[in-house]
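Okay, structure first, notes after.
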Amino acid sequence: MDADKFTYPKKEDFANTPANMVEAEEDISRARIGIAVIIHKMKPPLSLVEERKEWCLKCIKANGRYDSEKPVYFELEPFGGCKKLKVWQYIDNMEQKKLKTVTFTGIDGWTDIDELEVIHQHYPMVEFGVLLSKNWHENGMRYYNPNALHRLKYSDLNLSCHLCGSIAREAVRNNFEPAIDLCKGYFDIFKRCQLNIAGYTNNPERLVLDVPDTLEEVIIQQKSRDQIDLFKSGLPNPSLSVLLDASGGRGIDTPICVLDTPLKVGYAGGISVENVVEKVRFLEDSPLVRSYWIDMESSVRTNDVFDVDKVWSVLNRLDTML
């Protein structure tokens with residue numbers, strides 16, 4: 001469908017918004033997410049999605065304020081059984097939601113990068129985790145071939161590297177060079193780096209990390225809120241966060257024990273399409289939770305291959321909560 005089949009609403013359609021509406025400049029990211037969520041339900045071509053978002057954001061900026069109570073409609077030729085596509089100027093309660101990122105870990109050599117790009121367009125808060133190990137060829141299909149990282153170089157994806165084995169043990173001792181060398185010049189594609197060291201008993205007593213300049217955040221994997229001494233020893237360091245995974249990366253459904261901290265915390269351990277809504281509601285409702293993300297790995301695989309359809313299933317279940 002061509003974008004010019006739309007009838008644009010006029011600027012006046014955004015006039016007379018209530019005085020309690022938030023300034024658009026503060027909520028551009030939320031508007032982008034809201035537009036993406038609604039458009040996803042219709043699944044139009046990506047070129048059309050981008051064109052819609054660009055126009056809506058221009059209109060929001062031009063008008064200064066916008067009203068979530070008065071949705072805008074764009075006229076359509078019949079598409080997917082519908083004659084109208086609802087595009088939200090979206091604020092509702094997004095500013096109160098604590099879930100900042102949904103991470104799907106274990107993209108592999110069979111993963112279609114174009115499909116991941118589609119997910120990113122619809123859900124910009126999604127992050128894809130890349131498992132890295134020196135013994136990647138022996139450890140199973142979920143470990144990414146470091147010689148193929150160039151496939152991810154020019155994508156717009158939010159990527160995190162999850163270091164395992166010896167490169168994780170070196171990194172937790174402030175030596176990121178083995179991980180950087182393994183990536184062969186592509187370490188800078190990752191915004192966050194997770195050190196999967198919860199299962200090791202010979203970790204240092206105190207965490208001292210010089211975070212590489214290319215990283216925004218280093219995540220320390222710990223088993224529970226009662227076993228975070230290593231993470232706490234590295235504070236205060238604004239680049240540090242913690243992932244609580246009682247299953248130790250095995251994907252076993254374990255109860256979430258909330259960590260009372262102003263810091264951003266990740267929660268993992270058997271989160272799946274069957275229980276993700278329940279677990280997110282629990283975290284959103286907890287007065288102890290400020291800002292968090294969730295991480296899924298085993299539950300989004302089929303025959304040990306990363307399954308994009310399962311990712312979509314999770315996101316569809318969470319749709320109104322994102």
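Any read-out appearing in this document is the output of simple, stated calculations on the displayed coordinates, not a laboratory observation. Predicted model only: the values in this text are computed from it and were never measured. Quick reminder, even Gly has a Cβ in these numbers, built from the backbone with ideal geometry, and neighbours come from all protein chains shown.
Worth pointing out:
- Placing a label point 7 Å from the Cα of GLU217 along the Cα-to-Cβ direction, the residues of the stretch 294-308 with a backbone N closer than 16 Å are 294-296.
- Among THR101, THR111, THR201, sorting on how many other beta-carbon atoms sit within 10 Å of each Cβ, with the fewest leading, yields THR201, THR101, THR111.
- Net length gained if the chain between ARG206 and TRP110 were fully extended (0.36 nm per residue, minus Cα distance): 30.7 nm
- Under 15 Å, Cα to Cα: Lys pairs in the stretch 97-321, sequence gap 8 or more or different chains: 12
- Prolate/oblate/rounded label for the stretch 272-322 (Cα gyration tensor, a/c 1.5): prolate
- Panel order for VAL276, VAL211, by other beta carbons found within 10 Å of each beta carbon, from fewest to most: VAL211, VAL276.
- Residue exposure sequence - MET296, MET125 - by fewest surrounding Cβ within 10 Å: MET125, MET296
- Neighbour cut-off at most 10 other Cβ (10 Å), DSSP loop, GluC sites (Glu not before Pro), the stretch 95-155: GLU138
- Relative compactness, the stretch 208-289, computed as alpha-carbon Rg over 2.2 N^0.38 Å: 1.15
- On the beta carbon distance between ASN175 and PHE282, with R0 = 41 Å, the FRET formula returns roughly 0.65.
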